[in-house]
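As structure tokens, the structure follows; a few thoughts come after it.
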Amino acid sequence: MSPDWPQKILAGDVRAISRAITTIENHSPESEQLLKQLFPHTGQAYLTGITGAPGTGKSTLVDRLAAVYRQREERVGVIAVDPTSPYSGGAILGDRIRMQGHASDNGIFIRSMATRGFLGGLARSTAEVALLLDAAGKRQILIETVGVGQDEIDIVRLADCVLVILVPGLGDDIQNMKAGLMEIADIFVLNKADREGADRLEEQLHAMLSLAIPRDGWHPPIIRTVATENRGIDDLASTIGKFRKHFESTGRRQKKHIEHWQNRLIEMLESRLLEKVLHGKEGEARLRALATAVAERKQDPFSAVSEILKSAHL
Ligand SMILES: Nc1nc2c(ncn2[C@@H]2O[C@H](COP(=O)(O)OP(=O)(O)OP(=O)(O)O)[C@@H](O)[C@H]2O)c(=O)[nH]1
Ligand SMILES: [Mg+2]
């Protein structure tokens, strides 16, 4: 690690940030060293998670929200955890920012995270990239992810504010929506409100929400947007701001951060312990041998675990 790498990241150097993300994605030991040094400079960013079914307009919304934040001179980081996202070249945003006269805007950093090869580790990598962007001075971090699997739900749980995007006419009623997604929403965005069925969807959503118990005095509002026409975006940005104020004033944000770190510490501990007791090919082979012995009833699983633990240098 070159000695000025952390400094470059703190200064927002795009190439240094990109390189750091690659080391995070590869889970290289360098990334841990780096994040250790950067950690004292984090804790300033506001994380907004944007989730919803494929094609609901998440990327378009992120693009428009980012533009609102840039107009306020807030530095923005975008993480798209989605292989189909059109961000790889930052094309959409790049064009618009150039239009606003921010040629080569250094105040925005966009990165797609590859989802392949990250089974189970995706949420962790995303969390670490968010920390990195936080250290790099991005005050608004937008994380886009398709709301399908548990991994994605874990990713949005990272966020201070979760937007769940719904659109009319997907053929599926609210009733069919993933329950997990409904529970994590702080704000519902009814995008593609220019389409038929928007009123019906809003009514359904209202009916459902009227049964829900508000969390910490917050009723998730429904914001109608037409992302492609930039309609409702200011309203959405100000609702995110209201949510932030509400949660900061109730102390709920702090509580959420403590919960978040409690989970992260457990995860880190788990992976460190696993690494210690089962590291390398040797460890894998041993695990396999013990599993075979247990499956064949030659050994009980309790003594197998004890055996592994005994031989580990903890
Ligand atoms: N009519 C209409 N079309 C929209 C609106 N917002 C987005 N779209 C269109 O919907 C399509 C999908 O938009 P994206 O922003 O790529 O959606 P996404 O949710 O990021 O898609 P994935 O990342 O592939 O899941 C594009 O063709 C957009 O132009 C809207 O408010 N109204
Ligand atoms: Mg997208």
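The values are calculated or read from the model by the stated rules, or taken from the named source; none is laboratory data. Predicted, not measured: the structure shown is a model, and the values here were computed from it. Note: ideal-geometry Cβ built from the backbone for every residue, glycine included; neighbour counts use all protein chains shown.
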- Message: Checking the conditions here, which among 240, 223 is crowded, with 16+ Cβ neighbours inside 10 Å, touching a strand residue (DSSP E or B) at 6+ places or on another chain (Cβ under 9 Å) and free of Cβ contacts under 8 Å to residues at least 40 places away in the same chain?
- Response: 223
- 1 or more residues within 16 Å of ligand 1 (Cβ to nearest atom) and modelled with pLDDT under 85: qualifying helices (runs of 4 or more DSSP H) within region 122-241: 122-135, 150-157, 179-184
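Residues are listed down the side, and each one gets a yes or a no for (1) at pLDDT 50 or above; (2) surrounded by fewer than 21 Cβ atoms within 10 Å (Cβ to Cβ):
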| residue | (1), (2) |
| --- | --- |
| 75 | yes, yes |
| 79 | yes, no |
| 89 | no, yes |
| 93 | no, no |
| 104 | yes, yes |
| 114 | yes, yes |
| 118 | no, yes |
- Message: Can you tell me which condition residue 19 does not meet? The list is (1) within 16 Å of ligand 2 (Cβ to nearest atom); (2) more than 27 Å from residue 162 (Cα to Cα), and all the others hold.
- Response: (1)
- Task: Only residues in region 261-288 that are part of a helix (DSSP H, G or I) count as the first member; pair them with residues that are modelled with pLDDT of 85 or more, Cβ under 8 angstrom, at least 6 apart or cross-chain, and list the lot.
- Result: 264/127; 277/308; 277/309; 278/286; 278/287; 278/308; 286/308; 287/308
- Look through 60, 84 and report the one residue that is within 16 Å of ligand 1 (Cβ to nearest atom) and modelled with pLDDT under 90. 84
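Residue by residue, here is whether (1) more than 9 Å from ligand 1 (Cβ to nearest atom); (2) touching a residue at least 12 places away in the same chain (Cβ under 8 Å); (3) in a loop (DSSP other than H, G, I, E, B) holds:
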site	(1), (2), (3)
12	yes, yes, yes
20	yes, yes, no
32	yes, no, no
36	yes, no, no
43	yes, yes, yes
49	yes, yes, no
78	yes, yes, no
